[in-house]
Each structure stands twice: as C-alpha cells, then as structure tokens.
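Data first, discussion second: the structure below is written as structure tokens.
The values are calculated or read from the model by the stated rules, or taken from the named source; none is laboratory data. Keep in mind the model is a prediction, meaning the values are calculated, not measured. When we count neighbours, we look across all protein chains shown, and the Cβ atoms used for this are built from the backbone with ideal geometry, even at glycine. Side chains are part of the model used for accessible areas, which takes the heavy atoms of the whole protein and leaves out ligands, DNA and RNA. Shrake-Rupley method; radii C 1.70, N 1.55, O 1.52, S 1.80 Å.
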Amino acid sequence: MTQTTPHIRARAEIDLAALRANVRALRDRAPRSALMAVVKADGYGHGALPCARAAIAAGAGWIGTATPQEALALRAAGIPGRIMCWLWTPGGPWREGIEADLDMSVSGRWALDEVVAAARATGRTARIQLKADTGLGRNGCQPADWADLVGAARAAEAEGAVRITGLWSHFACADEPGHPSIAHQLTAFREMVGHAEKEGVDPEVRHIANSPATLTLPEAHFDLVRPGIAVYGVSPAPEIGTHQELGLRPVMTLAASVALVKRVPAGHGVSYGHHYTTPEATTLGLIPVGYADGVPRHASGQGPVLVGGRVRTAVGRIAMDQFVVDLGGQEIPEGSEALLFGPGTRGEPSAEDWARAAGTIAYEIVTRIGARVPRVHLHEEPVPGATAATTGG
C-alpha cells in the first residue's frame, strides 16, 4: 500500500472533480429544472465553500444552506448568485440576510413579521420563499394556516417589503419508493401552490425534490431540484440503489496512517471491555482515529478498513482517538495507509458500508467527520465572478 507522509495522522480527501461530475449527472436527471446544491453542515462534512464553488462551476444555479449563518459566511467568502437558507429562529439575522441578498424561507407569521420589520428598517426588499408543510411535520406552514400566511405575504409584497421568490416543501419518504405519502405530499403541494398563485403570488421557483426525488421522481422536479447528499456521491438510501447504480461518484475518501503494528499472543484482549480477544497469535494494527474524529462507536467490531491490501474489520471497541484491526499475522510497516471509506476504486469500503456497520445512514457517516481531520481539496477550479467582495447576484 502507498505510505502517507509520516506527520499526517488522518485526512479526508475531497475530490471536487467528482462533485462537479455529480452535479452534472443530477442536472441530467432534471434537465428542465434549475439545480440547487445544498451545502449545509459544512457541505455535509466536505467543506461548504470549496463545494459551493465546485457546484456553481458545474452549473448549479442556486446554493442552499440550513442556517442563515451558513449562508452569510458563504456570501462573505465571495459566493455569487442565489443562496437560500431555511432554518430561522426568532430574532434571526434578517437584516443581514436582506443586505446579503439571501433568499430566506418563511414558515409562519412570526417569521414574516420579523422579515418585514427588517425590510422596513433597511429600506430594501427582502427575498422570501414560503414553505408549505405538505406532510413532513417539521418546518413549514400547515395547510390550515396557509391562506393567512399567503395573504399576509401578498400584502407585504404589495407594500414593497418583500418579493415572494419561491414556494416550496420537503418530502418525508422520497427515499422509500412507492411510499403512499409521496403522492399525498405532491397533491398537497400542488394545491397549496395553486392557492398561492390564485392569490397573486408569481414565484420564480417551485420546489420539493430532494436527492431521492431528484433521482427517482421526475414528476416532482417542478422549477428547481434541491439535491444534498447526492451532490457528494452518496446514495440517499439502499432502496434507491448504490452510488454506482445511480451514476454518482463519492467525493470523500477518509484515510489514516497506521500508527503501530505489533505481535500479540492468543487470548489477548483488545480495547476497552475486552469485547474481542485474539483467537490465536496474530498482529494488531492501530488506526489513529476514533469517535472524536467522527468514526462511529456503534461500528465497533464491524467497521471495515482497507489496510495492507485487504479489508479488515475494527475489532474491540472504537475509542475516542483510535481503534484496532486484527491483521491476521500480516506484517505491514507503520505509516501504511488505512482507507476507511472512499469511492471504491482501490477496493476500499464505502460510506454506505460504514453506515450498515453502525446501523445508521450514510449521511451521518460523512457529515460527522470532525474538524480534527484535515480536509484536502483536490481538483479545485475558479468560479467566474466569485470575489471576496461579492454581496449579491
């Protein structure tokens, strides 16, 4: 195996060429719709700023974040064009969002009242998108309250305080093909959009399609699709298919340098609690990452790692900073590369493999990789028009 530079304990390589390829593949899935690349949670752990730049270079017309702070940071870093954010709390930075030309989601009257007050204070028109709760039961306006919100938003628009740029919602079960809630939500969305348009709302975009809907539900594409995890080359769900079957390329490779290789006798306990003891004399390899780095403790005894040319399994408990693999007597030099997951081009496991081992979803595997693991961004390209001084688009 290739040896790493000795001082690099671990690294997450982020292949931005793969991300650009994924954005193009997703655009091909929805050729008549614009595409919003979602880079919330620091780009699902991949680095929001370089991923946003790569997505724009590949044709994403919109960037999406959860929190306004995420969106404001991207704008301050020079990301041009349309940036939308949707997870607001009372007292949120509405004025800063207006001044940064963000598209801001509104799910209820309290949010509309606050953004209108901020618009009046700045003397500028706020761009807002009204979110409908069509059945997910999280954020968004309930159908019973929709007429009131739309009416108040239209009054604010007539005043010049806001411009309603979009109407949108989010699926609950788009990652479960054939789930009855999908058709129910599409019907509810069409009805709520229809009411808003009857009341005079003229949105630029209507959107409900997340990653699984972008990949499998063309009837849900409307004016804009909003993929998140698929941008990073990770399958939204096993029921939909593997990343290979979906034509996606995993963007993150998580690697570490083997810190120690040693021979131990049969019956030797490994890691806390001695949940694993060596069945025979063997060699153990120490992998210097643990749950403080985002490696899930729930994958203890099951997490796969490519090391020494073979896929080994984490034995014993995964600890805060390290875990152990049983090398089965194989001798490899310290500093050898251990690949926890990646695109699979060298036979390494995938993030989906770790998700199965930990009993979770692949979203969590990539997103939880901590700041202690440096990101190394490969194949960066400049984004035309992106400067540190950019404030709108």
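Below, the figures for the structure above:
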| read-out | value |
| --- | --- |
| Residues located in region 319-346, provided they are part of a loop (DSSP other than H, G, I, E, B), under 19 Å from Val264 (Cα atoms) and without any contact (Cβ under 8 Å) to a residue 60 or more places away in the chain | Gly328, Gly329, Gln330 |
| Tally of residues being surrounded by fewer than 17 Cβ atoms within 10 Å (Cβ to Cβ) and among the polar types (S, T, N, Q) across region 61-101 | 2 |
| Residue among Ala358, Ala371 that is open to solvent by 10 Å² or more (accessible area, probe 1.4 Å) and in contact with a His (Cβ under 7 Å, 6 or more places away or on another chain) | Ala358 |
| Subset tally (residues that are of a type outside the set (Phe, Trp, Tyr) and closer than 19 Å to Gly228 by Cα) for region 141-178 | 10 |
| Residues (surrounded by fewer than 23 Cβ atoms within 10 Å (Cβ to Cβ), closer than 21 Å to Ile369 by Cβ, touching a strand residue (DSSP E or B) at 6+ places or on another chain (Cβ under 7 Å) and not small (Gly, Ala, Ser)) located in region 24-60 | Lys40, Pro50 |
| Test: residue in region 137-150 that is in contact (Cβ under 8 Å) with a residue 60 or more places away in the chain and either crowded, with 23+ Cβ neighbours inside 10 Å or not charged (D, E, K, R) (or both) | no |
| So Pro93, is it within 28 Å of Gly47 (Cβ to Cβ) and not aromatic (Phe, Trp, Tyr) | yes |
| Meets criteria (among the hydroxyl-bearing types (Ser, Thr, Tyr), outside any loop (DSSP other than H, G, I, E, B) and under 20 Å from the mean Cα position of the chain (by Cα)) for Thr242 | no |
| Residues within region 43-59 that are without any contact (Cβ under 8 Å) to a residue 40 or more places away in the chain and either in a helix (DSSP H, G or I) or under 15 Å from the mean Cα position of the chain (by Cα) (or both), tallied | 3 |
| Test result for Ile182, under 25 Å from Gln69 (Cα atoms), within 29 Å of the chain's Cα centre (by Cα) and not aromatic (Phe, Trp, Tyr) | no |
| Residue check for His275: more than 20 Å from Thr367 (Cβ to Cβ), in contact (Cβ under 8 Å) with a residue 40 or more places away in the chain, in contact with a Phe, Trp or Tyr (Cβ under 8 Å, 6 or more places away or on another chain) and of a type outside the set (Phe, Trp, Tyr) | no |
| Subset of region 71-125 [closer than 24 Å to Leu49 by Cβ, part of a helix (DSSP H, G or I) and among the hydrophobic types (A, V, I, L, M, F, W, C)] | Ala71, Leu72, Ala73, Leu74, Ala76, Trp94, Ile98 |
| Qualifying positions in region 298-312 - without any contact (Cβ under 8 Å) to a residue 60 or more places away in the chain and closer than 20 Å to Glu364 by Cα | Ala299, Ser300, Gly301, Gln302, Gly303, Pro304, Val305 |
| Matching residues, region 167-226, being touching a Phe, Trp or Tyr at 6+ places or on another chain (Cβ under 9 Å), among the polar types (S, T, N, Q) and open to solvent by 20 Å² or more (accessible area, probe 1.4 Å) | Ser181, Asn210 |
| Complete set of residues in region 151-166 that are in a helix (DSSP H, G or I) and exposed (fewer than 15 other Cβ atoms within 10 Å of the Cβ) | Gly151, Ala155, Ala158, Glu159 |
| Selection within region 284-312 - open to solvent by 50 Å² or more (accessible area, probe 1.4 Å), part of a loop (DSSP other than H, G, I, E, B) and either under 16 Å from Tyr272 (Cα atoms) or among the hydroxyl-bearing types (Ser, Thr, Tyr) (or both) | Gln302 |
| Yes/no for Arg109 being out of contact with any helix residue (DSSP H, G or I) (no Cβ under 9 Å at 6 or more places or on another chain), among the basic types (Lys, Arg) and surrounded by fewer than 23 Cβ atoms within 10 Å (Cβ to Cβ) | no |
| Scope region 20-29; condition aliphatic (A, V, I, L, M) and touching a Lys or Arg at 6+ places or on another chain (Cβ under 8 Å); matching residues | Ala21 |
